[in-house]
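Input: a single structure, listed below in structure tokens.
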Amino acid sequence: MTAREPVLPAPPAAADPLDAAALVDDPARVLRHDRAELRARLAALPDHRGGVGREVFTQAEAVFGTGPVTTAEFASRLHFAATVLGHREYAEQVAAAEPGLPWRTVWAWWRPVGVYEAEPNLSGDGSAEVYEADGRPLLKVTALWCADTWFDLATGVRLDAPPEGAAVPYEETEPDGPWLFEPDDESWAPRAPDGWEEPFALDGGRYVFQDARGVAVVEQNEKALAGRPSGDADDGGATDDDPTDGEPWFRPGTRNARADEPLTAARLDRVFGPSGVLRVPAAELPDALTHEPTRALLAGAGLPRRWAAGVTSFAAAAPPLGPGPEGMLRVGAFDLGYCDPGEVFVHPATGAVGMRQPDGSHGPGGDAVFPLARDLDAFVRLLEGVRRHMGACWDPYPGEEGVSAFLRAMDAVDAGALAEGAPGAGVWEHLFASVTELSVYGY
């Protein structure tokens, strides 16, 4: 008779990574969970699987890093990420799940990691100044590459500029002790996002922070911070940890327009401003323009009236679509900074876009027109892409590949126009260098 082998307990079932998508939609469960394990389970999810919680978790770690921190401080990071992404309900759930938040984000006008939009872009000499008009505190944001923008300081609602002389500077409140993210000699401080420097202090423990990615109004929790541990800023969890190796995740189709998504009037208005887009009513388009997609584009989405990056710029022709060489129609002209301007034309039957540059810095020179873009749709998308990505190119987050993301996006628009040896590739390389090689100041 043979001895019976002992019956061993079955190994624990491996965690189903698909459950992680549901788990992170509940902030209370996130805060109770091991972050490293949760991070690994989210990384194992298919790209199409997830919701708001996955967006918030990955954004928080992309901004602040993956190093160990207290549950309360991580909750503040989740709250910031949710607010920046526009997920206010999730932010409220975070605050309810962790009443001991050391700080919370009141509102933010901020570019998230991995999101490429024309605004906010406070690269260069950006500023955020507090004013008061008719007893109402206001915030004025000024930057080289954004129009002056006014906000209600309490709510973040965008406002029209007050009448001239109606707004007076708001007197800054001197904090009693170190400001929110500044440790003193005997206590630890939470870690701020990369780039945040000394803020503008407001009443009630609120602060205005501003850097190249935008502005945020945050509020400290005096009760929670009163119990902060003693020691240096590197103790108790506030570390200079590196950003996560992975990229933030977004629900498919919710961020960063794809190359195959149609151009719309609303989309171009967001990038160039309603007054910065030229639209020609269909009845006013020249009869010679028979290329229907170009007619639809000009009457619908439109063409930028003005565009600029660094020392280069573009201005639409006035009046538009006048006769040009070789039977083409005038679109506008580039000021290329250090060489002759480049005149831009569209072929009325094929929609192909060409350029003429007399000094031959690009193309054959003289009166010859050479190919520049597949069509006017691609031409507009390339200009739009520079505006969308310039902030991430000039001021990327640590670990964010702003230039690489920009070049990939442009290649997806018109790879043929950008290919090595293409007639207009040198022009686009010259224009793109304004954000990929030169500084925000153009040198």
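Could you estimate the translational diffusion coefficient of the stretch 347-412 from the Stokes-Einstein equation, with Rh from the Kirkwood formula over C-alpha pairs, at 4 °C and 1.567 mPa s, in whole µm²/s? List each step's numbers first, then the result.
Values: Rh = 13.7 Å.
Estimated diffusion coefficient is 94 µm²/s.
Given +1 on the Cβ of Lys and Arg, -1 on the Cβ of Asp and Glu, and no further charges, what dipole in debye does the stretch 242-394 carry about its Cα centre, rounded to the nearest 20?
Value, rounded to 20: 480 debye.
Compute the acute angle (0 to 90°) between the alpha-carbon long axis of helix 402-418 and the principal axis of greatest extent of the alpha-carbon atoms of the chain; round to the nearest 10°.
Computed tilt is about 30 degrees.
If you stretched the chain out fully between residue 48 and residue 349, how much longer would it get, using 0.36 nm times the residue separation minus the C-alpha to C-alpha distance? Don't skip to the answer; put the middle values down first.
Details: separation 301, 0.36 × 301 = 108.36 nm, distance 4.06 nm.
Result for the pair: 104.3 nm of gain on full extension.
Can you bin the stretch 259-326 into rounded, prolate or oblate? Criterion: square roots of the alpha carbon gyration tensor eigenvalues sorted a ≥ b ≥ c, rounded for a/c under 1.5, prolate for a/b above b/c, oblate for the rest.
Details: a/c = 1.83, a/b = 1.23, b/c = 1.49.
Oblate, because a/c is 1.5 or more while a/b does not exceed b/c.
Please compute the length gained on full extension between residue 326 and residue 226, using 0.36 nm multiplied by the number of residues separating them and subtracting their Cα-Cα distance. Write down the numbers at each step before the final one.
Values: separation 100, 0.36 × 100 = 36.00 nm, distance 7.53 nm.
Between residue 326 and residue 226, full extension yields an extra 28.5 nm.
Using 5 Å bins from zero, what percent of all Cα-Cα pairs in the stretch 233-380 falls into each bin?
The percentages, shortest bin first, are 2, 8, 15, 18, 16, 11, 8, 5, 5, 4, 3, 2, 2, 1, 0.
Leaving out ligands, DNA and RNA, and with a 1.4 Å probe, what % of the accessible surface on the chain is carbon or sulfur? Please report the intermediate quantities before stating the final value.
Numbers: 10480 of 20630 Å².
Answer for the chain is 51 percent, counting heavy atoms of protein chains only.
Could you state the angle between the C-alpha long axis of helix 425-436 and the longest principal axis of the C-alpha atoms of the chain, as a value from 0 to 90 degrees rounded to the nearest 10?
Helix 425-436 and the main axis of the chain meet at about 40 degrees.
Which residue, 324, 124, 366, tops the fluctuation ranking in a GNM of the chain built on C-alpha contacts under 10 Å?
366
In debye, nearest 20: dipole of the chain around its Cα centre with unit charges on the Cβ of K, R (+) and D, E (-)? Don't skip to the end; give the middle numbers.
Values: 36 positive and 70 negative charges, 360 e Å.
With only Lys, Arg, Asp and Glu charged at Cβ, the dipole is about 1720 debye.
Quick one: if the Förster radius is 41 Å, what FRET efficiency do residue 437 and residue 40 give, using the C-beta to C-beta distance and rounding to 0.05? Before the final figure, lay out the partial values.
Values: r = 38 Å, r/R0 = 0.92.
According to the calculation, E is roughly 0.65.
Largest first and to the nearest Å, give the Cα extent of the stretch 109-212 along each principal axis.
47, 37, 22
Roughly how far apart, in whole Å, are the Cα centres of the stretch 57-102 and the stretch 373-443?
If we compute the Cα centre of each part, the gap is 33 Å.
Longest segment of the chain with no GluC sites (Glu not before Pro) in a DSSP loop having at most 14 other Cβ atoms within 10 Å? Kindly include the intermediate steps, with their values, before the conclusion.
Numbers: sites that count: 164, 171, 172, 186, 197, 420, 437.
Segment 198-419 is the longest.
Just to be sure I follow the definition: excluding the sites themselves, where is the longest run in the chain that has none of the trypsin sites (Lys or Arg not before Pro) in a DSSP loop with at most 13 other Cβ atoms within 10 Å?
Working: sites that count: 4, 258.
So the longest stretch without any such site is 5-257.
Evaluate E = 1/(1 + (r/R0)^6) for residue 166 and residue 275, where r is the Cβ-Cβ distance and R0 equals 25 Å; express this FRET efficiency to the nearest 0.05.
Details: r = 23 Å, r/R0 = 0.93.
Between residue 166 and residue 275 the formula returns 0.60.
Using a basic spin-label model with each label point 7 Å from the Cα along Cα→Cβ, how many nm lie between residue 89 and residue 29?
If labels sit at residue 89 and residue 29, their model points lie 1.7 nm apart.
Mind pulling up the Rg/Rh value for the chain? Radius of gyration and Kirkwood radius, both on Cα. List each step's numbers first, then the result.
Values: Rg = 26.2 Å, Rh = 24.6 Å.
Radius of gyration over Kirkwood radius for the chain works out to 1.07.
For the stretch 263-321, with the dipole built from +1 on Lys and Arg beta-carbon atoms and -1 on Asp and Glu ones, taken about the Cα centre, which of 310, 290, 264 lies farthest toward the positive end?
Farthest towards the positive end: 310.
Looking at the chain as a GNM with Cα springs under 10 Å, which of 169, 112, 68 has the largest mean-square fluctuation?
Judging by the Gaussian network model, the answer is 169.
Please compute the per residue accessible area over the chain with all protein chains in place, 1.4 Å probe, rounded to a whole number of Å².
Details: 20630 Å² over 443 residues.
I get 47 Å² per residue for this part.
Checking the a/c ratio against 1.5 first, then a/b against b/c, what shape does the Cα gyration tensor give for the stretch 314-443? It would help to have the intermediate numbers written out before the result.
Values: a/c = 2.00, a/b = 1.75, b/c = 1.14.
Here the stretch 314-443 falls in the prolate category.
The values are calculated or read from the model by the stated rules, or taken from the named source; none is laboratory data. All values reported here derive from a predicted model rather than from experimental measurement. Note that we place each Cβ from the backbone using ideal geometry, even for glycine, and neighbour counts take in every protein chain shown. These area figures cover heavy atoms from the full protein model, side chains too; ligands, DNA and RNA do not enter into them. Shrake-Rupley method; radii C 1.70, N 1.55, O 1.52, S 1.80 Å.
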